[in-house]
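Let me begin by presenting the structure, written as structure tokens, before commenting on it.
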Amino acid sequence: MASLKDLRGRINSVKSTRKITQAMKMVAAAKLRRAQAQAEAARPYAERMEAILASLGAVVASSPTAPRMLVGNGADRVHLLVVVTADRGLAGPFNTNVGRLARNRIRALEAEGKQVKLLTVGRKGASFLKREFASRFIAEVSFAGRKRVEFADAEAVAVQVTELLEEGAFDVCSLIYNRFRNVITQIPTEQRLIPAPIPEAAAPATDRLAALYDYEPTEEEILATLLPRNLAIQIYRAILESAAGEQGARMTAMDNATRNAGEMINKLTLNYNRTRQANITRELIEIISGAEAV
Amino acid sequence: MATFQFELVSPEKLLLSRQVEMATIPAAEGEMGVLPGHAPMIVALRGGIIRVRENGAETETLFVGGGFAEVSPERVTVLADEATPLASLSRAASERRLAEAEAALREVQTSDPEAKRDAALARVLAMRTAVEAAQAA
């Protein structure tokens, strides 16, 4: 049985761990609020962008000169996966979930005989996928140490993707990230970026609108600048959702850790008291039997 | 006077959303004043100043660094790449960004795609507008 001193040491160490996890939970809660506000602030732009894109896309998609970013290049051989994760761990299964989805996807695609290329945003995803798929990496981006991610950062990633598209480095591009459903639920999601999915439901209504709208300059020119922008906004949204999800996941994880630490302290304290009592009893018996022997 | 719904959004937030009488937006092919009942249009924007009129007076002036606007008879939605109210536009910051944009333009090769060259030039012009606006403010 562990000595009293050992038990005391363990109780103290679990107590300080609990302090840390509790503090991390508080910090995550504060950051979550900020991240959520940022994600919500970005929503109106993305929504309006989608509306414009839907009306424009319906007009241009059928024409033979439609840009590659909208309709793809017809092939389906090389896939680029953009995987968004956090830069830090200690957030429960947050990073692993995305990593696992990406891993399954890569395996499935390669089993079909397709080539996969990887671009990761966030350090954790990079280190998770590097173990198995190091040869597929083409780039990794990290915003570690940054207080908040600006739109310009997401745009830089989008520019990288656009350049790769122009070089013909891939045919299809998808985004894998944690969608923020609520504080305790994040859903690992795959979203196609190129060719851009055009909302089907909007199509009949936009036919009427498209005929109505004037474009200045031409539809093609507007689309040529609108599409990279849309790519950037999709990536930005994924990064923001992932950031909010990360804080939510960390909060839940740290809450659990704090609770577990509390339980452990209770168990250890009980054990400590029992041992102490046993020691006293043993000493008493020794004294009494010593006195009787005299 | 008749009004229409004017919305200005940047990727980072919704800056304005209210009923206004008139808005002047820097369309790619020239400044464009929009009154209620304007014909539906989708226009590209260059870097410039957006002016909003309410109750017969100019109430808001903002710098935008390019983007798009969707105009319909009862609403105007501006999707700006970036938008800053003139009052909070810092002159030093704009000058620094102008210098950066000019440096980027010098880097551009004639062999680069035309779209890229245009984008670099557009950026310099937008930043120049920002510096001028910051000086005037």
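The values are calculated or read from the model by the stated rules, or taken from the named source; none is laboratory data. Small disclaimer: the values here were computed from a predicted structure and weren't measured. Note that we place each Cβ from the backbone using ideal geometry, even for glycine, and neighbour counts take in every protein chain shown. Please note that ligands, DNA and RNA were not included when accessible areas were found on the heavy atoms of the full protein model with its side chains. Shrake-Rupley method; radii C 1.70, N 1.55, O 1.52, S 1.80 Å.
Only one entry in A:Ile11, A:Ile20 is touching a residue at least 40 places away in the same chain (Cβ under 8 Å) and either away from every other protein chain (no Cβ under 14 Å) or in contact with a helix residue (DSSP H, G or I) (Cβ under 9 Å, 6 or more places away or on another chain) (or both), namely A:Ile11.
Count of the range B:105-126 residues, restricted to those that are more than 14 Å from every other protein chain (Cβ to nearest Cβ), closer than 23 Å to B:Glu31 by Cβ and open to solvent by less than 80 Å² (accessible area, probe 1.4 Å), is 1. The set of residues in the range B:1-12 that are in contact (Cβ under 8 Å) with a residue 60 or more places away in the chain, open to solvent by 10 Å² or more (accessible area, probe 1.4 Å) and more than 25 Å from A:Glu155 (Cβ to Cβ) contains only B:Gln5. If the condition is being of a type in the set (Phe, Trp, Tyr) and within 17 Å of A:Ala169 (Cβ to Cβ), then the range A:101-151 contributes A:Phe133, A:Phe137. Annotation: A:Ala169 fulfils all but one of (1) farther than 13 Å from A:Ser242 by Cβ; (2) out of contact with any Leu (no Cβ under 8 Å at 6 or more places or on another chain); (3) away from chain B (no Cβ under 14 Å); the unmet one is (2).
Please indicate, with yes or no, whether at least one residue in the range B:55-66 is facing another protein chain (nearest Cβ under 9 Å) and without any contact (Cβ under 8 Å) to a residue 40 or more places away in the chain. No, the range B:55-66 contains no residue that is facing another protein chain (nearest Cβ under 9 Å) and without any contact (Cβ under 8 Å) to a residue 40 or more places away in the chain.
Taken together, the residues in the range A:91-132 that are part of a loop (DSSP other than H, G, I, E, B) and open to solvent by less than 70 Å² (accessible area, probe 1.4 Å) amount to 4.
Say we look at the range B:13-30 and pick out the residues that are touching a Phe, Trp or Tyr at 6+ places or on another chain (Cβ under 7 Å) and surrounded by 19 or more Cβ atoms within 10 Å (Cβ to Cβ); which of these is nearest to B:Gly48 (Cα to Cα)? Restricting to residues being touching a Phe, Trp or Tyr at 6+ places or on another chain (Cβ under 7 Å) and surrounded by 19 or more Cβ atoms within 10 Å (Cβ to Cβ), the top hit is B:Ala23.
A quick yes/no check of all residues on (1) out of contact with any Gly (no Cβ under 7 Å at 6 or more places or on another chain); (2) in the same structural domain as B:Leu121 (by TED's automatic domain parsing); (3) surrounded by fewer than 16 Cβ atoms within 10 Å (Cβ to Cβ):
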residue	(1), (2), (3)
B:Met32	yes, no, no
B:His38	yes, no, no
B:Met41	yes, no, no
B:Gly48	yes, no, no
B:Ala57	yes, no, yes
B:Phe68	yes, no, no
B:Val71	yes, no, no
B:Ala80	no, no, no
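Can we say A:Val149 is modelled with pLDDT under 85, open to solvent by 20 Å² or more (accessible area, probe 1.4 Å) and either within 18 Å of A:Thr85 (Cβ to Cβ) or in a helix (DSSP H, G or I) (or both)? Yes: the conditions hold for A:Val149. Scanning the range A:133-146 for residues that are surrounded by 14 or more Cβ atoms within 10 Å (Cβ to Cβ) and either more than 19 Å from the chain's Cα centre (by Cα) or not in a loop (DSSP other than H, G, I, E, B) (or both) yields a count of 6.
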